[in-house]
Every structure is written in structure tokens, then in C-alpha cells.
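Laboratory data are not the source of any read-out in this text; all were calculated from the coordinates shown. In this text the structure is predicted, and so the values were computed from the model without any measurement. Please note: Cβ atoms are built from the backbone with ideal geometry, for glycine as well, and neighbour counts cover all protein chains shown.
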Amino acid sequence: MIPLRRLLFHGRKSGCTFMIYTRLQVVGMGEVGHTRINKNREVRPFRFSLAHVLSPLGLYLVSAILLLKIEPQDKLLKLLNVGDSILEILASYKWAYPIVVFVVISIIIKKFFSNILHRKYLLHTQREYYLGPIWLLGIASWIDSASTLNARSIPVWQFFKLLILHESILYNNLEIDVPEVSSEASSSKVTVSYTKGTNSNFKRLMIGISDTYKIDYNKLPSTLKCDDYVEIRSDHGNNREYSSELVKKCVEEINKAQKAGITEISILPNTIPKHIQEIVRECFSDAGRNGDICVYVNENPRSNNYNYTIKRHRIL
């Protein structure tokens, strides 16, 4: 957890003491339960679509219209170096000509901002946190000149979902930047604990994955406590480190659940993105094609003081 820092200044003229409080804004997939996010840094759908969908589209459209007004069609076609087959289409269908111009102008402008101005990230990696629909991220990755997200800038369930759907048409242009972490310490240990549900449904299982910060079972909603609960915990003291043993235990428990006939798993993740990436790769990389199982990820929103709620999102 990043501590609050106090900057203290003394005003001699007024005899007053001025105190300015600042907080480092670092949002992490596994740290979300212990990091306070400034509301001004939460990026809502309207703000995101305005910056990364509507504004780029407006720029492309205005540029294309100006070019169509200024340059004659034959000169513009030569300038764009369009092939003979495209020329035939443009000669037969007048509507295709402005569309092709719009697409070409869009590609040129995107390349300019991406390569020359070095735009890469859709969201600031340290100061912004996305709170909007996942499909909007996919659309923005195709329209905006930037197409990369840091795993710490999006909700954990969206990170899971994007890892699983990375090959689909909507999301295959979107890149996820997973922060690197140090290797596991020799003193680290992984523990697996089991808690029987109050009203167990043998087809459902809840799995908590944590490192550094333990998930407080007592603070979970009573409805979640109905199902059997497994917590896989890696203790590294106060450090965030990658543990291959933690990933191994998670894979074992998920495989064990599938073999036991479990058809629904709810995951409560409180861990670093690297662990999530490896767990998805080991367990869900086939997008569920090899098993009849539903997988959900529960939320621990800021509005609930980062405690887990019954709200969950299906990722598989």
C-alpha cells in the first residue's frame, strides 16, 4: 500500500501553517483492494469515447472532406496510389470513392500520431483507471492511434476477459501491457485453505487468489459464503513478486474442480497481473472449448471500500 504523504509549509506572514496532502495514484490489479483512486482519475465511458473514439473519427472525417474538396478525383487517386482493381470499383460505384479516401486518411493520421508522436497508451499507465464497458476498449483500439492498455488501468475482470478474447476480431488489435515483477523469493510460501459453505451447492466453487494482502473472508457477503471457498495465498511479506508455485496451485485447484463436476467457478482475485496472465494461459487459453464450465470474477469496487461484493462478471 502506498502511504499518504504530507507536505508541510509554514506561512510566516499570516502566522498560519499550511498543510497540503497528496497521494500517489497507482492502480494495480492486485493492489486495487489497498489503493485509493482519486475520483478525478476515474475514466468514465463518455470521457473515454470522446477522447478515443469521437475525436479521432471527427479528425479523420474533417481531413477527408477537406481533401475531397481541394483535390480532383483523378489527381487524388494517383496521389493515393490506388491499384487498377480499386479504380474499377471507384468508377462503377461513386459511393466507394469517399469511403476509400476516408479509410486511407485515417490510416495515415493514425500512423503519424503513433509513430511520429509516439502515442502508445489509451490510458495513462499510473494516473487513470477505466470504468466503462469492455467493448468500448476494443472499438477504441481500432479507431485511435494508440492501442495499448496497461493491466493496472482496467478492472481485474476486464483483464481476465481480454486475455481470453485476445484473438477475437474486436480485441485482437488491443495490446495489454503486463508490468514485470521480480522473481519469487526463496523464503516465500504458498498455502491453500478450504472453507465449507453454509449451504453448499456441489456444482459451484469460489476461489480466492491473493498475495501480500489476504482476502478477509469475514467481510465477504453472506451470499458468497454459501458456496465452498478455496483460498490460494502466497506470502512474500510486503513485496509483490511472481510465484510459479502460486500459479501451479491455482491450476491444480481449477483442474480438480472440473474433474469433480464443478460447473461454475467464481474467482476473487487479489494478485498481480502477471499471476492472472499465467493462470489464464494455463487454464482458460482454449476459451472453454475443452470443458463445460462457467467462470466469473467478482468485483471489489472503490464504492465498497474495495471489499468484494456479490456483483460478478462472466469471463468464460
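Work from the charge dipole of region 165-263 (Cβ charges, +1 for Lys and Arg, -1 for Asp and Glu, about the Cα centre) and give the residue of 244, 221, 165 farthest towards its positive end. In region 165-263, that residue is 221. Taken over the Cα atoms of region 127-253, the convex hull encloses 155 Å³ per residue. In this structure, the amide hydrogen of residue 208, modeled 1.01 Å from its nitrogen in the peptide plane, lies closer than 5 angstrom to those of 230, 231, 232, 268, counting only residues at least 5 positions away or on a different chain. The alpha carbon convex hull volume per residue for region 123-181 rounds to 82 Å³.
Among the listed pairs 225/248; 69/161; 256/311; 214/259, a Cα-Cα separation exceeding 32 Å is found for 69/161. Given their separation in residues at 0.36 nm each and the Cα-Cα distance between them, residue 309 and residue 69 gain 80.8 nm when the chain is fully extended. Taking 0.36 nm per residue of separation and subtracting the current Cα-Cα distance, fully stretching the chain between residue 281 and residue 148 would add 45.9 nm.
Backbone N atoms of region 137-169 closer than 11 Å to the 7 Å Cα→Cβ label point of residue 114 belong to residues 141-148. Taking region 196-219 and a reference point 7 angstrom along Cα→Cβ of residue 260, the backbone N atoms nearer than 17 Å belong to 196-209.
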